[in-house]
1. Looking at Val57, Val82, can you tell me which residue is out of contact with any Leu (no Cβ under 7 Å at 6 or more places or on another chain), in the same structural domain as Leu10 (by TED's automatic domain parsing) and at pLDDT 90 or above?
2. Strands (runs of 3 or more DSSP E) wholly in the stretch 263-342 with at least 3 residues that are of a type in the set (Val, Ile, Thr) - which ones?
3. Could you name every one of the helices (runs of 4 or more DSSP H) located completely within the stretch 11-111 that has at least 1 residues being within 23 Å of Val173 (Cβ to Cβ), touching a residue at least 24 places away in the same chain (Cβ under 8 Å) and among the charged types (D, E, K, R)?
4. Which is hydrophobic (A, V, I, L, M, F, W, C), within 28 Å of Ala8 (Cα to Cα), surrounded by 12 or more Cβ atoms within 10 Å (Cβ to Cβ) and out of contact with any His (no Cβ under 7 Å at 6 or more places or on another chain), of Ala136, Ala169?
5. Return a yes/no flag: does the stretch 117-128 have any residue that is in contact with a Ser or Thr (Cβ under 7 Å, 6 or more places away or on another chain), at negative phi, assigned to a helix (DSSP H, G or I) and in the same structural domain as Gly28 (by TED's automatic domain parsing).
Amino acid sequence: MAEDQTRAQLQRGLRVAVLLVAAGSALGLGLLNLTQNLHRYGSPAVQFCAWAALTAVLAVEAVLVVRERPWSVWRTPAVVVVLAASAASYSALPDGRTSTTADWIFGAANWVGLVVLLDRPLRTTVSFLVAHELLAFLNLVLFHDVTRSSLARFATGSVTVFGIPLCVAVVAVVLGRISEEAAAAARELERVRTAEAVAAASHRRRAQRFAELSTTAVPLLEGLADGSLVPSDPGVRRRAAIEAARMRRLFAETDDVENPLLHELRHCADIADRKGVEVELDARGRWPAPPVPVRRDLTDAALTVLATARSWARVTVVGGDELVSVSVVADCGELVLPPPLTPGVQVETVGSGATTWMEARWQPSRN
């Protein structure tokens, strides 16, 4: 989805920005301070090893950003490498140089750790920053002379070393929540628009169907209203039964069911059942759901026979991937059925005395 792509681009941009800051702090300023104070270290090799460890972590992050991959299982080892590099650098730090330019890793390891934990919950980032601060503080109080000036340097340095990465982590969390809420709102808006479009289309189809029914149902109702048609007339009762079955089928067309053809036939058979006709419905096989116009042609012939049946009717539906057949046998006498409107639907009727057999066929593979 477009929302998910936008969120991914936003997160990737934030990762790139923090990576650049960390690279400038560790690879640029950190290396500069390290080389300028090289003569002060008792073991310069330890400092270069710590710098190389931070560089390796940043290099892995650069590869992951290019490939758009998270740290995943390598996150914990990377954090351990950053903290171990800090501890090693502190162990070789000259006395009295805590929180000075010689203590280059104090303002570098924090950003490298943030790079690794940027997409994690805020509490995880805070825990790392606290651990980083605790390492520096323990190094100060356990291995160096604690003076008022050294404590002041540590306190003032901690404002930026701890505070600025924390602010960036908070911004990352806020942006993540905003993007999630925006994506959720966009999905809800899309769902509402889809529902409205479906409702509008359903209303149009229903209005069209009502208009189609009005050509046969309205004259019947008008005739009954003005007295030109009488309910006792068998022909009028037959027309009324047919229109009632069509109405029931219209209402059934909007139902969400697994087999809409059988569902609509059951509604058509219900009209015959209500007037005392014994209806038997049998279905065999599995077939794809026919489109609505095809179902109307398949059921229209069946409901006409059912509405005309006197005492019994048998409806059989047989289908497969290449053919769907709806046949009805009933004691309704001979009928003249209108031709189907959908190409591919064929209707055949055979009458024998008081019994009529009708079959409507549809071949899905040819449509």
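The values are calculated or read from the model by the stated rules, or taken from the named source; none is laboratory data. On a predicted model such as this, the values are computed, not experimentally measured, just so you know. Methodologically, a virtual Cβ is constructed for each residue, glycine included, from the backbone with ideal geometry; neighbour enumeration extends over all protein chains shown.
1. Numbers: Val82 fails: out of contact with any Leu (no Cβ under 7 Å at 6 or more places or on another chain).
None of the other options fit; the residue is Val57.
2. Once the strands (runs of 3 or more DSSP E) in the stretch 263-342 are filtered for at least 3 residues that are of a type in the set (Val, Ile, Thr), what remains is 312-319, 324-330.
3. Numbers: elements: 31-36, 44-67, 75-91.
Passing ranges, in order: 44-67, 75-91.
4. Numbers: Ala136 fails: within 28 Å of Ala8 (Cα to Cα).
Going through Ala136, Ala169 in turn, just one is hydrophobic (A, V, I, L, M, F, W, C), within 28 Å of Ala8 (Cα to Cα), surrounded by 12 or more Cβ atoms within 10 Å (Cβ to Cβ) and out of contact with any His (no Cβ under 7 Å at 6 or more places or on another chain): Ala169.
5. Going through the stretch 117-128, the residues in contact with a Ser or Thr (Cβ under 7 Å, 6 or more places away or on another chain) turn out to be 117.
Those left that are additionally at negative phi: 117.
Keeping just the survivors that are assigned to a helix (DSSP H, G or I) gives 117.
Of the ones still in play, those that are also in the same structural domain as Gly28 (by TED's automatic domain parsing) are 117.
Yes; the residues of the stretch 117-128 include at least one that is in contact with a Ser or Thr (Cβ under 7 Å, 6 or more places away or on another chain), at negative phi, assigned to a helix (DSSP H, G or I) and in the same structural domain as Gly28 (by TED's automatic domain parsing).
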